[in-house]
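Structure first, commentary second.
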Amino acid sequence: GVDLQVCTSKNPTCCTKKMEERYQTAAKQDIQQVLQTSSAALKFLISRNAAAFQETFEMLIRLAENYTSTLFCNAYRNMAAEATVHVQEFFTDVGLFLFGTDVSTEEFGNRFFDTLFPVVYNHVINPGPTDISLEYAECLRVARRDIRPFGSVPKKAIGQMGRALLPSRTFLQALNLGIEVINTTDHLHFSKDCSRALLRMQYCPHCQGLTLSKPCMGYCLNIIRGCLAHVAEVDLHWRGDIQSLEELSRAMSGAFSIEHVLLNFHSLVNDALVHARINGPELSEQVNKICGPPVRKPKESPGCSFDQSKDNQGLKMFSRDSEETLTNRRKELISHLRLYRAFYGGLADQLCGNELAAADGLPCWNGEDVVRSYTLRVVGSGIKAQSANPEVKVKGTDPVISQIIDKLKHVIQV
């Protein structure tokens with residue numbers, strides 16, 4: 001073929017334009033494949049852990065909800081059915097917050113104690129032969145923050161929840177972002193100049209019948225560092241992300257660990273109820289001042305609708321040493337992740353060293369011929385270093401990579 005675009009040579013050639021085009025597609029697919037293989041273990045490590053942590057958190061939420069509903073069933077049976085509805089709503093919100101929805105811990109925490117107050121008033125503070133009316137219950141709900149029937153317990157409980165849930169939420173977000181970063185760099189869009197350089201490096205020797213020759217190490221580094229110049233820019237922020245995860249992980253144990261706070265929530269609710277019961281007479285007076293005397297309607301008395309047995313399996317599996325298990329799992333993940341700190345900085349070297357280039361001292365392909373060694377200058381990693389690259393021209397920034405870098409910066413800040 002005389003009309004070759006890339007694999008031109010002084011010698012006769014075995015390639016046609018059609019073959020060159022097919023080689024071009026193959027060269028791009030090969031590099032995608034090599035990239036995906038190199039990141040596979042890292043991707044598996046992160047996604048397996050993200051799934052395991054999420055599952056553990058779901059289990060903790062379910063247990064905490066069980067403990068709290070059981071408290072009502074055992075100690076406050078007459079109001080258990082009504083209270084359990086609010087307990088479920090509260091723990092649904094806990095889950096939404098933990099898995100990334102934009103809800104505020106302060107808001108849903110206060111909402112729980114607001115909605116609990118009319119129930120407690122009706123059954124504990126001022127029980128009567130009939131139920132309070134809906135309007136009266138609404139007045140109580142709105143007045144809860146002024147009357148403070150539960151003393152300082154809501155403030156304490158909401159504060160603890162916020163401090164315990166936010167680190168775990170951020171931890172999960174950072175892991176999921178890690179998967180997104182790898183997916184992004186696994187499916188790069190290569191520039192025309194890079195695609196041609198890859199073709200010249202991998203398949204042009206075939207056009208001269210040199211099917212066994214591999215590219216020289218320096219030549220390979222120039223081309224792969226050129227093609228991955230934008231990816232190398234992720235390096236600094238990737239390291240920062242792992243460093244931040246490590247610091248976050250250390251701060252996640254102790255009194256504000258998610259296990260401790262969730263599994264202890266029921267006893268704070270109990271403290272709140274005890275406080276309301278002890279201060280019943282004064283609370284009744286305050287309520288009368290704000291909402292007037294109780295307006296009542298015929299009583300509905302459903303029993304305890306909560307099925308305690310259904311999650312006992314989980315309780316057995318998930319004993320009190322769960323905190324240790326979670327801490328250890330985090331430590332183990334961080335120690336594995338540390339090994340991948342320099343993953344993006346050393347990616348080009350890893351690809352050329354493990355897969356693509358000829359071993360030292362062997363004759364190798366330099367883009368034009370088989371030679372004893374590559375004589376041109378070898379450039380470093382990253383966009384700046386590419387201005388001197390003899391093999392690939394690198395222009396501008398890659399918007400997809402810039403976007404993923406912005407996300408990394410954001411999660412590091414959080």
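See the values below:
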| quantity | calculated |
| --- | --- |
| Given (1) among the hydrophobic types (A, V, I, L, M, F, W, C); (2) in contact with a Phe, Trp or Tyr (Cβ under 7 Å, 6 or more places away or on another chain); (3) at pLDDT below 95, index of the condition TRP238 fails | (3) |
| Any hit, region 9-18, residues being in a helix (DSSP H, G or I) and either without any contact (Cβ under 8 Å) to a residue 40 or more places away in the chain or farther than 30 Å from GLU332 by Cα (or both) | yes |
| Selection count where residues are in contact (Cβ under 8 Å) with a residue 40 or more places away in the chain, assigned to a loop (DSSP other than H, G, I, E, B) and open to solvent by less than 90 Å² (accessible area, probe 1.4 Å), scope region 377-413 | 12 |
| Complete set of residues in region 251-263 that are open to solvent by less than 50 Å² (accessible area, probe 1.4 Å) and under 26 Å from PRO149 (Cα atoms) | VAL261, LEU262, LEU263 |
| Enumeration of residues in region 42-63 that are among the hydroxyl-bearing types (Ser, Thr, Tyr) and either more than 27 Å from PHE190 (Cα to Cα) or not in a helix (DSSP H, G or I) (or both) | THR56 |
| Failed condition for GLN243, given (1) over 30 Å from GLN413 (Cα atoms); (2) assigned to a helix (DSSP H, G or I) | (1) |
| Residue check for GLY159: under 29 Å from the mean Cα position of the chain (by Cα), buried (at least 19 other Cβ atoms within 10 Å of the Cβ) and over 30 Å from GLY361 (Cα atoms) | no |
| Selection status of GLU58, of a type outside the set (S, T, N, Q), open to solvent by 50 Å² or more (accessible area, probe 1.4 Å) and either closer than 27 Å to SER257 by Cα or modelled with pLDDT of 95 or more (or both) | yes |
| So PHE171, is it surrounded by 17 or more Cβ atoms within 10 Å (Cβ to Cβ), within 17 Å of VAL269 (Cβ to Cβ) and of a type in the set (Phe, Trp, Tyr) | no |
| Breaking point among (1) open to solvent by less than 50 Å² (accessible area, probe 1.4 Å); (2) outside any helix (DSSP H, G or I), for SER39 | (2) |
| Helices (runs of 4 or more DSSP H) contained in region 266-368 and holding at least 3 residues open to solvent by 80 Å² or more (accessible area, probe 1.4 Å), modelled with pLDDT of 80 or more and more than 30 Å from ALA52 (Cα to Cα) | 280-291 |
| Filtered residue count, region 216-227, keeping only those that are open to solvent by less than 10 Å² (accessible area, probe 1.4 Å) and of a type outside the set (Gly, Ala, Ser) | 6 |
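The values are calculated or read from the model by the stated rules, or taken from the named source; none is laboratory data. Note that the structure is a prediction, hence the values are computed from the model and not measured. So basically every Cβ, Gly included, is an ideal-geometry build from the backbone, and we count neighbours across all protein chains shown. Quick note on the areas: whole protein, heavy atoms, side chains included, nothing else; ligands and nucleic acids left out. Shrake-Rupley method; radii C 1.70, N 1.55, O 1.52, S 1.80 Å.
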